[in-house]
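Here is the structure we will look at.
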Amino acid sequence: MDIYKRIIKEYEAIPFQGLPRGFDPELYRLQSAVTIIGPRRAGKTTYLREIIHTLNLSHFLFLNFEDERILHLPEIDPFLEAYYELYQEKPHIFLDEVQNAQLWHQKVRRLIDQGYKVFLTGSNANLLSKEIATHLAGRTFVKTILPFSFLEMLRLKGIEPDSQTIYGEQRFTVKNLFGEYLVYGGFPEVIQTALKKELLRQYFDMVFYRDLVSRYRIRQETVLRLLIKKLHENIGSPYRVSALRNKIAQFMKVSKQTIFDYLHYLEEAYMMVHVQNYRRSFMVRETERKSYFIDNGFVTILSLEDEPGKLLEQGVFLELLKRGREVYYFREKYECDFVAVSEGRIAEVIQTTWRLTDQNRDREVRGLLETLKKVGKDTGFILTENQDETLEVEGKQILVRPAWRWILG
C-alpha cells in the first residue's frame with residue numbers, strides 16, 4: 001500500500017504552472033465525465049492541473065498512465081483504498097493518458113456509476129472516440145486541446161493584444177513573434193526553449209513510433225515515412241489518393257487500401273488533419289483532399305528549405321481549427337484555400353499567399369471571387385505576410401490583410 005500512497009502524494013504536490021486555457025466551470029456541473037483529447041505535448045496534463053486549480057480542489061486522485069509504475073499497477077481500486085486511508089474524503093478523479101490503461105472504459109464507467117467526478121485525457125482520437133461511442137455514450141463531454149494559438153503564445157510571453165499591439169510600436173515585436181510562431185509552431189515547451197528543432201524532432205519521433213508504428217503495428221514503416229514526405233510536399237495542394245499511391249508505388253509496392261489506412265492513422269494520432277472539397281460529391285470528397293500538419297513545427301523539421309507561403313497557409317488553417325471551425329477548401333474552375341463553417345453557416349472564405357504580386361494577383365482574386373459567388377458570401381480575405389488593401393470586384397469585397405493582424409482581430 002505504501003507505493004500507492006507515495007504515488008498519490010507525488011502527484012498531489014505538482015502545482016499548476018502555465019498559461020490558463022480557460023476552463024469553463026459549467027463543465028464541472030455536468031453529470032457526465034469530462035474527456036480531454038488532443039496531440040501529445042499540447043498541454044492536456046497542464047489543463048487537468050488548471051481544472052484542479054480553478055476549482056480549488058483539495059481532494060483529488062491524479063494518475064498518469066504514462067508513468068511506468070502505474071502501468072505495472074493497473075487497477076484503480078488499490079489507489080482509492082490508499083486515498084481513503086490518507087484522507088477519508090471522496091476524491092475527484094483525474095486519469096491522464098488513459099488510453100494506455102487496459103479496459104480503461106470499463107474502469108471509467110464503474111467510477112461514474114459509483115458517483116465519482118472523473119476527468120480524462122487521451123492522445124488518440126479514434127481509440128477514445130470509438131470507445132466513448134460504444135461504452136460511454138452520453139456519459140462524457142469531450143473537449144479538444146491543441147497546441148497554443150498565436151494569441152496564446154503572445155500571452156505566454158506577457159503580451160496582451162490591444163490597439164497598441166496591433167497598430168503601435170509594439171506591432172514590430174508582434175510581427176517578429178508571428179514569424180517565429182509560423183516556423184516553430186505552438187507546442188508550449190517548444191515556445192519556451194532555445195532548442196526548438198531538437199524538441200520538435202523528439203515530439204515527431206514520439207508520435208511516429210509510439211502512436212503510429214507501435215499502436216497500429218505498421219509493417220511498412222518506410223511506406224509511412226514516404227507518405228508523410230509526399231504529404232509535406234503537397235501542403236496546400238489537393239491530391240487524389242490513387243495518384244498519391246501511384247507516386248509511392250514508384251519506389252515500393254503498396255496498395256491503395258494501405259494508403260487509405262495510413263492516412264486514417266495519421267489523423268487518429270494527431271499528426272495531420274485532412275480537409276475535403278466543400279462542393280464535391282461524397283465519392284470525390286473521400287478520394288480527393290488536402291492535408292495539413294497539426295503544428296507548424298512539424299512542417300519545419302521536415303523542410304529542406306524555407307517555405308514561408310506553405311507555413312502561412314498552415315498557420316491560417318490551424319487558427320481556423322482552433323476557433324472550432326469545420327474547414328474545407330473549394331475547387332471548381334479555380335481554387336480557394338479555405339471555406340470555414342461555424343454552426344452550419346459559412347463564417348470565413350480565405351485565400352493565403354505570402355505576397356500578393358502581379359504574377360499571382362489574378363489567380364488569387366479569381367479563386368476567392370468564384371468561391372464567394374458559389375457559397376453566397378459578399379466578403380472574403382486574402383491573408384498575406386504584411387499587405388493591407390481593400391478590393392471591390394464584381395460586387396464582392398476582398399480584404400487583403402496581414403495574417404497576424406487577422407488572427408488578433
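Consider the range 193-211. How many of its residues are within 17 Å of the chain's Cα centre (by Cα) and modelled with pLDDT under 95?
The qualifying residues number 1.
Return the residues of the range 384-401 that are in contact (Cβ under 8 Å) with a residue 24 or more places away in the chain and in contact with an Asp or Glu (Cβ under 9 Å, 6 or more places away or on another chain); say none if nothing qualifies.
Result: K396, I398, V400.
Of the conditions (1) touching a residue at least 60 places away in the same chain (Cβ under 8 Å); (2) in contact with a Lys or Arg (Cβ under 6 Å, 6 or more places away or on another chain), E85 satisfies every one except a single condition; which number is it?
(2)
Tell me the residue from F178, F148, F172 that is at pLDDT 85 or above and over 23 Å from the mean Cα position of the chain (by Cα), please.
Criteria check complete, one pass: F172.
Mind checking which residues of the range 103-145 are under 19 Å from R49 (Cα atoms), basic (K, R), at pLDDT 90 or above and not in a loop (DSSP other than H, G, I, E, B)?
Listed by number, the list is empty, since nothing qualifies.
From the list G309, G324, which one is in the same structural domain as K290 (by TED's automatic domain parsing) and either among the aromatic types (F, W, Y) or at positive phi (or both)?
G324
From the residues in the range 87-102 that are in a loop (DSSP other than H, G, I, E, B) and out of contact with any Phe, Trp or Tyr (no Cβ under 9 Å at 6 or more places or on another chain), which one is surrounded by the fewest Cβ atoms within 10 Å (Cβ to Cβ)?
Ranking the candidates gives Q88 first.
Of everything in the range 219-240, what is more than 23 Å from the chain's Cα centre (by Cα) and in contact (Cβ under 8 Å) with a residue 12 or more places away in the chain? Give them in sequence order.
Answer for the range 219-240, where residues must be more than 23 Å from the chain's Cα centre (by Cα) and in contact (Cβ under 8 Å) with a residue 12 or more places away in the chain: Q220, T222, V223, R240.
Going by the conditions given, is I14 in contact (Cβ under 8 Å) with a residue 12 or more places away in the chain, crowded, with 20+ Cβ neighbours inside 10 Å and not assigned by TED's automatic domain parsing to the domain that holds L212?
So I14 fails the test.
Being crowded, with 17+ Cβ neighbours inside 10 Å and within 29 Å of P402 (Cα to Cα), is that true of even one residue in the range 206-226?
Checked the range 206-226: no residue is crowded, with 17+ Cβ neighbours inside 10 Å and within 29 Å of P402 (Cα to Cα).
The values are calculated or read from the model by the stated rules, or taken from the named source; none is laboratory data. Note that the structure is a prediction, hence the values are computed from the model and not measured. Positions of Cβ are generated from backbone atoms using ideal geometry, with glycine treated the same way; all protein chains shown enter the neighbour counts.
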